[in-house]
Amino acid sequence: MAHGARQNAGRRDEGLAALRISGEYTRQSNHAGGVVPVSLFSMLRMLGLAAILSGMVIVQASAAPALVHSEPTPGQHVAAGNVAVKLSFDTVIDPFRARLLLLGPGGVPQLLPASPTDDEQQSIATSVALTPGHYVLHWRMRARTGDPAQGTLPFDVDAATVPKPGSHP
């Protein structure tokens, strides 16, 4: 009888081994709570991948805004009068915490009001009446995540040229 029990146990072990090799044993859902057993290695691999991906998302989301386009461009000469100023960034900015400070030839700083130019809130714009001279626009922005960025934009305003009668522009 002991020999028969041993023989049945051997068959059962062979059957379990065959299920493990085929992968069917680990796919069964009749475990407590319906949880499928997962190997420790594959779980660690999935957790590592999730950590790496979430870290990439956090870095992407918390990046400071970078200026990608400006009007006027750095060093540009514009005509005196009403000058349009527009700054575009690579990420959504917080327009309520944006600061534009203009330093002109008189040396007196002028705080410029600015508002978003698009629904994505990646650009702000304003216009200001300027006389001839050298100007430097100091800008400070924050992304929605709070990361700050700042920079300067130097440009020159030239006297408006009035075309002479009989000349072509």
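We did not get these values from a lab; they are worked out from the coordinates using the rules stated. Worth saying up front: this structure is predicted, and the values here are computed from it rather than measured. In this analysis, Cβ positions are derived from the backbone assuming ideal geometry, glycine residues included, and neighbour counts consider all displayed protein chains.
Condition check ((1) acidic (Asp, Glu); (2) under 27 Å from the mean Cα position of the chain (by Cα); (3) surrounded by 13 or more Cβ atoms within 10 Å (Cβ to Cβ); (4) assigned to a strand (DSSP E or B)) across all residues:
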| residue | (1), (2), (3), (4) |
| --- | --- |
| PHE96 | no, yes, no, no |
| LEU101 | no, yes, yes, yes |
| GLY107 | no, no, no, no |
| ASP118 | yes, yes, no, no |
| GLN121 | no, yes, yes, no |
| ILE124 | no, yes, yes, yes |
| SER127 | no, no, yes, yes |
| TYR135 | no, no, yes, yes |
| TRP139 | no, yes, yes, yes |
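Go through the residues of the stretch 58-68 one by one and say whether even a single one is in a strand (DSSP E or B) and within 18 Å of VAL157 (Cα to Cα).
No, there is no match, as no residue in the stretch 58-68 is in a strand (DSSP E or B) and within 18 Å of VAL157 (Cα to Cα).
Residue check, THR91 against (1) in a loop (DSSP other than H, G, I, E, B); (2) over 20 Å from PRO65 (Cβ atoms), all met but one. Which one?
(2)
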